[in-house]
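Down below is the structure, laid out as structure tokens.
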Ligand SMILES: [Fe+2]
């Protein structure tokens, strides 16, 4: 089930103010003291941010800028082959820079005129209720760190490349942006953790890992696929299941491997119709009602 808490490296702050990002042993930067110190410093900047204050800028290093240039150039090539038309058009309208890492207020300057969404900093995992709930105000919490320069096309955790190239490319499309807002308004209605988790699982299999049939091909619109250099080449090998929120909200999955089952829509209209209806009407009772008719997926 949904375990995004494991996806982000935990961040702690001691009483003396020291901030530590706890990278797992198999993280590409785990044995690089400079990288660890860098991650701690960037996390501390996000933790010091308070809503309404100017969004803090990160003075990115040459290594970090190089990683962005490689990843954004390579992902743009992949998007031509694998991303659905709506995403390609939205990314074209957004026109993210490929020569430097945009600060979060630069992302907002590009994105807000298109759909009203703006970016604010996050040190790592944001509690689900706050992360999804902020969509109602068209606000997106984004990490600012960059993956290790030794592996510019791989990251075990969501970094600024995922948050910006993956999510902002979606959020630049008015229909996807409206869908995010309905997620935020749904969260305001939910009281139980199980309902919140069900919503998060549906989000995972759609706005993170969703695919759509377009002119006889399978194309992606999920931010997780759009920002993954490795997985974007592989998703056409996944077993495809029709868009069905009852199954999406109850299927077990492992975030540490490529997703073996993906949910494929017939069109962006269907995504907007089915998911929009679900998020607009979901209550605490919905998981039990839908769970009763969910079938195991093989
Ligand atoms: Fe994400």
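The values are calculated or read from the model by the stated rules, or taken from the named source; none is laboratory data. This one's a predicted model, so the numbers in the text were calculated from it and none came from an experiment. Please note: Cβ atoms are built from the backbone with ideal geometry, for glycine as well, and neighbour counts cover all protein chains shown.
Values computed for the structure shown
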| item | result |
| --- | --- |
| The one condition in (1) assigned to a helix (DSSP H, G or I); (2) surrounded by fewer than 19 Cβ atoms within 10 Å (Cβ to Cβ); (3) in contact with a strand residue (DSSP E or B) (Cβ under 7 Å, 6 or more places away or on another chain) that residue 56 fails to fulfil | (1) |
| Residue within the stretch 112-128 that is within 16 Å of the ligand (Cβ to nearest atom), modelled with pLDDT under 95 and closer than 18 Å to residue 222 by Cβ present | yes |
| Of all residues making up the stretch 217-239, the number that are farther than 20 Å from residue 268 by Cα and either within 15 Å of the ligand (Cβ to nearest atom) or assigned to a loop (DSSP other than H, G, I, E, B) (or both) | 4 |
| Answer from 79, 148 - the residue that is buried (at least 17 other Cβ atoms within 10 Å of the Cβ), assigned to a helix (DSSP H, G or I), away from the ligand (no atom under 16 Å from the Cβ) and touching a residue at least 12 places away in the same chain (Cβ under 8 Å) | 79 |
| Selection count where residues are crowded, with 24+ Cβ neighbours inside 10 Å and more than 13 Å from the ligand (Cβ to nearest atom), scope the stretch 200-210 | 1 |
| Any hit, the stretch 249-267, residues being away from the ligand (no atom under 16 Å from the Cβ), part of a helix (DSSP H, G or I) and more than 22 Å from residue 79 (Cβ to Cβ) | no |
| Check on residue 163, part of a helix (DSSP H, G or I), closer than 27 Å to residue 89 by Cβ, at pLDDT 95 or above and touching a strand residue (DSSP E or B) at 6+ places or on another chain (Cβ under 8 Å) | yes |
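Conditions tested, residue by residue: (1) in contact with a helix residue (DSSP H, G or I) (Cβ under 7 Å, 6 or more places away or on another chain); (2) farther than 17 Å from residue 192 by Cβ; (3) surrounded by 13 or more Cβ atoms within 10 Å (Cβ to Cβ).
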| site | (1), (2), (3) |
| --- | --- |
| 236 | no, yes, yes |
| 240 | no, yes, yes |
| 250 | yes, no, yes |
| 253 | no, yes, yes |
| 257 | no, yes, no |
| 263 | yes, yes, yes |
| 268 | yes, yes, yes |
| 277 | no, yes, no |
| 283 | yes, no, yes |
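Here's the yes/no breakdown for (1) crowded, with 24+ Cβ neighbours inside 10 Å; (2) within 28 Å of residue 63 (Cα to Cα); (3) modelled with pLDDT under 95; (4) more than 15 Å from the ligand (Cβ to nearest atom):
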| position | (1), (2), (3), (4) |
| --- | --- |
| 141 | no, yes, no, no |
| 144 | yes, yes, no, no |
| 155 | no, yes, yes, no |
| 158 | yes, yes, yes, no |
